[in-house]
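This report concerns only the one structure given below.
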Amino acid sequence: MTSVVSTRALTKRYGSVAAVDGVDLDIQEGDLFALLGPNGSGKSTTFRMLLGLVYATSGEIQLLGHSMPSAASRTLPHVGSLIEGPAFYPHHSGRANLTLLDASSGNGRRTRRARVREALERVRLDAGRLPYRAYSTGMKQRLGLAAALLRPRRLLILDEPTNGLDPSGTREMRDLLLQLQRSGTTILVSSHLLTEIELICTRAAILSEGRLVAQSKVQDLLSTSQSVIVVTHDIADAINAVGSIPGVSVLEQTPDGLVLDLNGAEASEVNASLVSAGVGVREFSLKRERLEDVFLRLTGA
Amino acid sequence: MFAVELKKMLLRPRTWVIIALLAGLPVLVAVLLRVTGIGPRPGEGPAFLAQVLGNGALFPAAALALILPIFLPIAVSVVAGESIAGENSLGTLRYLLVLPVGRTKLLIAKLMTVTVFVFMAVFIVAVVAYVVGASLFGIKPLPGVSGAAIAAEDATWRTVVTVIYVAVSMLGVAAAALLFSTFTDSPLAAVFGALAVLVTSQVLDLLEAGRAVHPYLLTHYWLAFIDLFRFPVLWRDVVRGFLLQGVYIALLLGAAWANFTTKDITS
Ligand SMILES: Nc1ncnc2c1ncn2[C@@H]1O[C@H](COP(=O)(O)OP(=O)(O)OP(=O)(O)O)[C@@H](O)[C@H]1O
Ligand SMILES: [Mg+2]
């Protein structure tokens, strides 16, 4: 596995505020990597530093094996990006805007029309000659994505790409990202739609107030779950029985049962203890933690 | 990159509206002069205007003298001040930079585009003024400002040098606007910054108390092209004007480059 993005102690200060504080990111080839965090936690600032728009106060960045921002001219042609929303010339159509961008990037002139057409088809945007300023939020977002896909990319950096997309647009975005990932593109994405992220991402990192509080496979983040749901009629008996199992405690009482904190105990043994204490256990299951729960727990919200 | 920037500038309706307004003012003045037959008394009013009634060959120079102090520098400030700040406020700057277009390269492309605009504007105003001057007042040999007659052919090269001189004079303002343009993401603020420099320079130039700094003021030699129409040509101030603009352009652009290549793009 080769490292596509790696940062060491990446830090950005604005005055006395550290927007990003000692972040070590590690994104491998083929990852669909989510950078998560509450508002103002430093996601966009991190992306801007990766792309050479904002200069880091300290720390190192390796992008596609080269040091940034000094190797920007070598690495950035292979990187497509969407940074805090799309931005285009309002009086030009989407097609004209992409054509201008393509010309500015010095791509071959002869294949320009075809490239622009393909990029627009890829994001399913067909707005004809309508000027950009007349686009809806979702159309703007799609055009931004089309610009990121103007040429084959090794890495995509997408800051909240689903912003403003309707449910079918969100689903199309999900499918597009998966398809791009399958074709070998590494994707770094930030989003507040945690259910979407949970569905598609392979790895995730969570920022809180500029610091990295977690970075691992999405599965591993989720399997730190330590609670079980017990469905039973004998709630009082169950509470008594739980009291006699060392470590285990009641997290929550629901109309049809309890949620227990296992606190390291083996689930099957807890189940056996309940049954042998005469509790009528109708259902006993590990509580699947959602990414949202992990997120809220780790970011202290 | 320069080609794309040039195309963006040339395709903008704004560019042509500004140039049309710049050329329109002298045309309006010429028509008024022709209809009323009342010119400023010799030695008064805008340069050359008194002589234009008798000779249209002087009208291009007169037209440039008309728009030079205020109208033209405002137009140049608007175009140059908007160049980086406008992209910044739209957010398109960040997408240009990650293409990637190097920051130095982008700045040079913007500068070249503004330069083309300046030369284009001055040239078009001069051509329009020539046509209007010729048709309303007729072309005669130049009497020259000092009175002795000069051959008619001489007006051509003097006018060409005037066009170049006026354009280069505007490049100092353009460089100032470009510098401010790298500091702010509000195009209006950048334009205002350049105009503040301009007004300050013109006010100081009028004050007797500012005598010591006069030769170093951005606007001090702007009207020196009048000397091109003397007989013989008085080159001293024109040459100083060229050199002074060169120094201003180098300093202002150096500062613009130093700022733009090191600043965070957070728009
Ligand atoms: N130009 C700036 N000057 C000062 N502070 C800034 C600047 N840009 C960002 N910040 C601060 O840096 C912190 C991180 O901002 P950033 O935009 O990276 O957050 P984010 O994670 O992208 O948030 P969101 O989810 O709302 O997009 C915030 O506290 C913000 O106020
Ligand atoms: Mg953000």
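We did not get these values from a lab; they are worked out from the coordinates using the rules stated. On a predicted model such as this, the values are computed, not experimentally measured, just so you know. Heads up, the Cβs are rebuilt from the backbone with ideal geometry, glycines too, and the neighbour counts pull from every protein chain shown.
Observations
- A Förster distance of 35 Å, applied to the separation of the beta-carbon atoms of A:Thr57 and A:Arg151, puts the FRET efficiency at 0.65.
- Based on the convex hull around the alpha carbon atoms, the protein assembly as shown presents an average projected area of 35.5 nm².
- Normalised convex hull volume, region A:123-176, alpha-carbon set, Å³ per residue: 87
- Kirkwood Rh (inverse of mean 1/r, distinct Cα pairs), region A:3-221, angstrom: 17.7
- About its Cα centre, the dipole of the protein assembly as shown is roughly 2780 debye, where the only charges are +1 on Lys and Arg Cβ and -1 on Asp and Glu Cβ.
- FRET efficiency, 1/(1 + (r/R0)^6) with R0 56 Å, evaluated for A:Ser6 and B:Val213 via beta carbons: 0.55
- Only the Cβ atoms of Lys and Arg (+1) and of Asp and Glu (-1) were treated as charged; on that basis the dipole of region B:138-267 about its Cα centre amounts to roughly 200 debye.
- Packing rank of B:208-215, B:256-263, where each peptide gets the mean count of other beta carbons within 10 Å, highest leading: B:256-263, B:208-215
- Options A:Val213, A:Ile229, A:Ile239, ranked by Cα towards positive dipole end of region A:190-252, top entry (Cβ charges): A:Val213
- Which of B:Leu97, B:Ile139, B:Ala61, positive extreme of dipole for region B:2-262 (C-beta unit charges): B:Leu97
- Pairs from the list A:Lys12/B:Lys8; A:Lys43/A:Lys140; B:Lys7/B:Lys105; A:Lys43/B:Lys7 with a Cα-Cα gap above 28 Å: A:Lys12/B:Lys8; A:Lys43/B:Lys7.
- Cβ neighbours within 10 Å from other chains - mean over A:99-107: 5
- Kirkwood-type radius of chain B, with distances r between different C-alpha atoms, in Å: 19.4
- Computed E for A:Arg129/A:Ala277 - FRET, C-beta separation, R0 56 angstrom, nearest 0.05: 0.15
- Applying 0.36 nm per residue to the separation of A:Ser244 and A:Asp220 and subtracting their alpha-carbon distance, the gain on full extension is 5.6 nm.
- The protein assembly as shown - share of DSSP beta bridges that are antiparallel (%, nearest 5): 70
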